[in-house]
Amino acid sequence: DASGGSFVERFDVVDAAVKETRYRRTREQHAELGMAPEDQSQQTANELDPSLYCFTDKCPGCSHKCDTRMHPVEIPHFREVIIMATVCDSCGYKSSEVRTGGAIQPRGRRITLSLESVEDMSRDILKSESCALLIPEIDLELGMGTLGGRFTTIEGLLDQVKEELINKVPFCIGDSAELGRKQKLDSIVNALDDIMQGRRQCCIVIDDPLGNSYVQ
């Protein structure tokens, strides 16, 4: 399978009946799959946009080689940031991250935004990897490093917080979850829905000791 998408079950970690070989696709196989040859993918990206940088590294999911693309973006009245995106054609792994460019700011930055209407959901927000996020009205606090760096809207950030709470908080979901923890999680998720729909007002506090975060 030139696409690498096939699988045979093994009965043990070491199953002598199954032999698997990983190989690099030829140019003909790339063409049959509708993919650009590896030696042309980076050239094509740079021809489309000279400021788009591309480098190849191992995929965190399957260790196959995959491309990571970087693009600098200038945020008006703030600074330049670098948007990074990784996509693996072998296993489908995807990730995106935003890194701030330039020197570290001489002072930290604490931004408090009052969400009073649905229009506030469309504000752009840059949350750096060093930033903590607080919503005091619903007792929600995300420490530094949580969610990584993100350049999105307020609604996009809150929606991602909701998805992380639903999918990645241990011992708070499923039949084995403690009732008190599950109710607390449900109340926060419902509150986030109300905030995004404009049914509830609150304040979002962006606390970044490196001063690399921004709200439109």
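We did not get these values from a lab; they are worked out from the coordinates using the rules stated. What you see is a predicted model, and the numbers here were worked out from it, not measured in a lab. Here the Cβ positions follow ideal geometry from the backbone for every residue, glycine too, while neighbour counts run over all protein chains shown.
Multiplying the sequence separation of V13 and M144 by 0.36 nm and subtracting their Cα-Cα distance, what value in nm do you get? Provide the component values of the computation, followed by the final result.
Working: separation 131, 0.36 × 131 = 47.16 nm, distance 3.81 nm.
Result: 43.4 nm gained on full extension.
Suppose R0 equals 45 Å. What FRET efficiency, 1/(1 + (r/R0)^6) with r the Cβ-Cβ distance, do L179 and R199 give to the nearest 0.05?
Details: r = 26 Å, r/R0 = 0.57.
With R0 = 45 Å, the Cβ-Cβ based efficiency is 0.95.
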Item checked: Partners for K94 among lysines (Cα-Cα distance below 23 Å; same-chain residues under 8 apart left out) -> K58, K65, K127, K162, K168
Item checked: Linear extension gain, L210 paired with Q105, 0.36 nm per residue minus alpha-carbon span -> 37.2 nm
